[in-house]
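The block underneath contains the structure these notes are about, expressed in structure tokens.
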Amino acid sequence: MKKSEVEFLSRLAKGIAAQFGSNCEVVVHDLESKDPDSTIVAIENGQVSGRKLGDGPSNVVLKALSSDPDKLQDHFAYNTRTEDGRELRSSTIFFRDETGKPVAIFAINYDSTPIMALQNMLKDFTALASPATDEPEVIPHNVNDLLDELIDQSVRLVGKPVALMTRDDKVRAIGFLNNSGAFLITKAGQKVCNYFGISKYTLYSYMDEAKAQKKE
């Protein structure tokens with residue numbers, strides 16, 4: 001990113017955070033960072049997710065780095081949660097250069113936990129409960145936690161523990177991790193190999209197979 005772009009987005013983040021208070025975290029991720037494990041170039045109210053300048057990407061950022069730039073779309077007001085269980089209302093906006101290439105992600109995460117607590121209290125008081133159906137996405141504290149969460153998601157996708165997985169199950173899990181950008185994380189390949197009990201050669205074979213299945 002250009003210095004002027006970072007400065008503008010940093011000022012914008014500061015303004016939005018000031019407007020909506022300490023429960024509103026605003027983060028700027030540099031999609032052109034030379035270190036994919038360190039993408040945060042500006043952050044306000046980082047105590048919401050426990051992150052700071054220089055920390056690594058979220059799941060959204062990894063997907064952006066591994067996706068077709070022309071297909072990336074802004075995503076507004078969706079549910080996420082922190083590692084300690086606080087509920088957030090998040091929006092992700094792609095900042096593009098003059099050619100239309102995404103160069104940054106401008107993310108807003110509002111901690112709605114106090115409002116949710118009040119809402120739940122009112123529901124209990126009025127006996128009008130409506131259970132939530134969507135599983136919110138976790139905002140990790142660092143890239144290692146993010147990789148752990150992605151591996152957990154791949155196992156939940158398959159629906160059985162690694163010990164019971166067939167070869168096809170592992171191909172499906174590895175395909176999910178690859179599509180999620182997990183292998184952009186430093187040393188992710190070795191950790192995934194150890195978790196699934198496969199070699200590096202088998203890992204690459206499964207990745208190729210999953211890609212081929214996706215094209216069919």
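Counting alpha carbon pairs within less than 8 Å and at least 6 residues apart, what relative contact order, in whole percent, applies to the chain?
RCO, the chain: 18 percent.
With a 1.4 Å probe and every protein chain kept in, tell me what percent of the accessible surface of the stretch 1-156 is carbon plus sulfur.
Whole-percent figure for carbon plus sulfur exposure: 54.
Kyte-Doolittle cut-off 1.6, length cut-off 30 Å along the helix's own axis using Cα: show which whole DSSP H helices in the chain pass.
Correct list, ordered by number: empty.
Can you give me the solvent accessible area of ARG167 with a 1.4 Å probe, rounded to the nearest 10 Å²?
120 Å²
How do the peptides 173-179, 194-200 rank, highest first, by the average count of neighbouring beta carbon atoms within 10 Å per residue?
Ranking, from highest mean packing down: 173-179, 194-200.
Measuring with a 1.4 Å probe in the full set of protein chains, what accessible area per residue, in whole Å², belongs to the stretch 1-114?
Ligands and nucleic acids excluded, the figure is 50 Å² per residue.
Normalized C-alpha radius of gyration of the stretch 2-87, against 2.2 N^0.38 Å?
That ratio works out to 1.11.
Quick one: divide the alpha-carbon radius of gyration of the chain by 2.2 N^0.38 Å and tell me what you get.
My calculation over the Cα atoms of the chain gives 1.12.
If you take the square roots of the eigenvalues of the alpha-carbon gyration tensor of the stretch 51-173 and sort them as a ≥ b ≥ c, do you get rounded (a/c under 1.5), prolate (a/b over b/c) or oblate?
Because a/c hits 1.5 or more and a/b fails to exceed b/c, the stretch 51-173 counts as oblate.
Provide the three semi-axes, in whole Å and in decreasing order, of the ellipsoid equivalent to the stretch 151-207 as defined by the square roots of 5 times the Cα gyration tensor eigenvalues.
Largest first, the stretch 151-207 gives 16, 12, 10 Å.
Can you tell me the relative contact order of the stretch 1-74? Whole percent, Cα pairs under 8 Å, sequence separation 6 or more.
Taking the mean separation of contacting Cα pairs over the length of the stretch 1-74, I get 25 percent.
The values are calculated or read from the model by the stated rules, or taken from the named source; none is laboratory data. This is a predicted model, so every value here is computed, not measured. Don't worry about glycine lacking a Cβ; one is built from the backbone with ideal geometry, like all the others, and counts go over all protein chains shown. Note: areas computed on protein heavy atoms with side chains; ligands, DNA, RNA excluded. Shrake-Rupley method; radii C 1.70, N 1.55, O 1.52, S 1.80 Å.
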